Amino acid sequence: MNKLTFFYRCCSLVLALSVFAACSKGSDEPDDDQNPNSQQNDIAVLDNAVQAYMTKYNVPGLSLAVSKGEKLVYVKAYGQADKEANQTMTTDHMFRIASISKSVTGIAFMKLIEEGKVKLSDKVFGNGALLGTTYGNNTYSANLQAITVKHLLEHTAGAWGNSVNDPMFLNGNMTADQLISWTLDNRPVQTTPGTKYDYSNFGYCVLGRIVEKVSGKSYEQYVKDAILQPVGITRMTVGGNTLGDRKSGEVKYYGTTAGGNAPYSYNIVRMDAHGGWIASAKDLVRLLVHVDGFNNKKDILSSASLTTMTTAPSLATPSGYGLGWSVNQAKHWWHTGSLPGSVSVWVRGNNGYNWAVLTNTRAGGNEMNELDALVWTAINGNAPWQNIDQF
């Protein structure tokens, strides 16, 4: 069990005692994002924790958003979006969310399933499969042809994981299609699909191509049309590779060239479905409240889809990972993200809280666990959340 999972389980003992009256609101009431009272008061316990974190890890800028009972009760930005330009961070600034993109892709697949365009049991490679024999030049092995959509979503495809050398970080000049062909020819599937968890960015790159095949749109456009726009998110997009590709409203990323931490060193565009999105903390929480299974705001997925998405497979060694989400028995769902120049976390708590925290640097060490702990500490410390909605 990793430290982050242990922390979630410990927090659940405290959080289970809290029940919110807001969550009892009937699901037949309107999904109203109007803001009757958005005058936000500072919450010292949270602000002080954020400032201590930023000082410890030399973080230029950070943004967070918290909802309670599906109301946006706290949204705040700290520090600088661009040090050189002396640009103050705002709550509208967008950040690379890195692997939180996998949750976005998981949501997209559940929507495609509801639309009847794909099934979790669909095979991915081989004659009659979703991607057919489009990729690679070698004969497809039995293991390769056994891989399903579900295997890719839950990281049990039997190959291409972080435990060896995820091909997603090789051949940086290749397109996604070229990389998939190269990988199929050079990285055979060694383990029977569905038997072992091995976190794979490359698997989600393949999932992005499946979205394109079955939807008839680019991966990015399908997500925008089917997931983001229906909940009122209009600025979230796939980011660029270089500082010159920086989007309007996007922060500047900071890091060092040591240890592979150069912030503009990766092909972010190619990472679309596994690590390419940029978003504000507020927009991430806006998405969360529409996929959290609570009753105040209408979800864009059915309760059955949400259950499927957040259920981990039965494996000899439990993974704690559903379909694009880390999950645990306490019914918390979350994902973290890490790229040179940024770390991020978003969380759906089992008691009605949702939140996202984003930064524009990556320092290493224990920063991810401490970033995750910022909002947990405020919740467990009975922070004075206001009854306001800033959506």
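Within the set G79, G116, the sole residue that is among the small types (G, A, S), closer than 30 Å to L301 by Cα and either assigned to a loop (DSSP other than H, G, I, E, B) or out of contact with any Lys or Arg (no Cβ under 7 Å at 6 or more places or on another chain) (or both) turns out to be G116. Inspection of segment 370-379 finds no residue satisfying the criterion of being touching a His at 6+ places or on another chain (Cβ under 6 Å) and not in a strand (DSSP E or B). Within segment 51-72, being within 23 Å of N382 (Cβ to Cβ) and either within 21 Å of the chain's Cα centre (by Cα) or part of a loop (DSSP other than H, G, I, E, B) (or both) holds for L62, L64, A65, V66, S67, K68, G69, E70, K71, L72. Just one of the numbered conditions (1) surrounded by fewer than 20 Cβ atoms within 10 Å (Cβ to Cβ); (2) in contact with a His (Cβ under 6 Å, 6 or more places away or on another chain) is not true of Y204: (1). Taken over segment 325-364, the residue count meeting the criterion of being under 13 Å from the mean Cα position of the chain (by Cα), among the aromatic types (F, W, Y) and within 20 Å of T311 (Cα to Cα) is 4. Residues in segment 215-246 that are hydrophobic (A, V, I, L, M, F, W, C), crowded, with 17+ Cβ neighbours inside 10 Å and over 18 Å from E114 (Cβ atoms): 3 in all. Looking across segment 133-168, the residues that are part of a loop (DSSP other than H, G, I, E, B) and in contact with a Pro (Cβ under 9 Å, 6 or more places away or on another chain) come down to N138, S141, I147, E154, T156, A157, G158, A159, W160. Within the bounds of segment 169-183, is there any residue that is in a helix (DSSP H, G or I), of a type in the set (A, V, I, L, M, F, W, C) and at pLDDT below 95? Checked against the condition, which is being in a helix (DSSP H, G or I), of a type in the set (A, V, I, L, M, F, W, C) and at pLDDT below 95, segment 169-183 yields at least one hit.
The values are calculated or read from the model by the stated rules, or taken from the named source; none is laboratory data. This structure is a prediction, so every number in the text was calculated from the model and none was measured. Glycine gets a Cβ as well: all are built from the backbone with ideal geometry, and neighbour counts include every protein chain shown.
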